[in-house]
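Asks: Dropping the structure in here first, questions after.
Only the coordinates and a few stated rules stand behind these numbers; no lab work does. The structure displayed is predicted, hence computed values, not measured ones. Every residue, glycine among them, receives a Cβ derived from its backbone with ideal geometry; neighbour counts consider all protein chains shown.
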Amino acid sequence: MDGESEKKRGLRELRRLPGVGKVIAEDLWNLGLHGVEELAGRDADELYEAHNRYRGAVQDRCMLYVFRCAVYYARTPEEKREPEKLLWWNWKG
């Protein structure tokens, strides 16, 4: 065993997502998402609503855009990812 916890590995993997740093990775973990592949089948709007409930208040809509970007990243094979779609602020529409 390498001594690294499952949570630590999962958080490091989640931080690979565009726009996701330590705090958002921790929030995703606490919402039950422990790896990038788990986002592939999720709905960004539902994640945003769950995140609002978890935080106990409505979060800035930018969080929704980060979730949209993260779900796109998880669903799309690397060779098919469009660079402009890897920028969370391009998901406002």
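Asks: Please go through the range 3-27 and pick out each residue that is within 18 Å of residue 63 (Cβ to Cβ) and touching a residue at least 24 places away in the same chain (Cβ under 8 Å).
Replies: 17, 18, 19, 20, 24, 27
Asks: Answer with yes or no whether residue 35 is over 16 Å from residue 64 (Cα atoms) and not β-branched (Val, Ile, Thr).
Replies: yes
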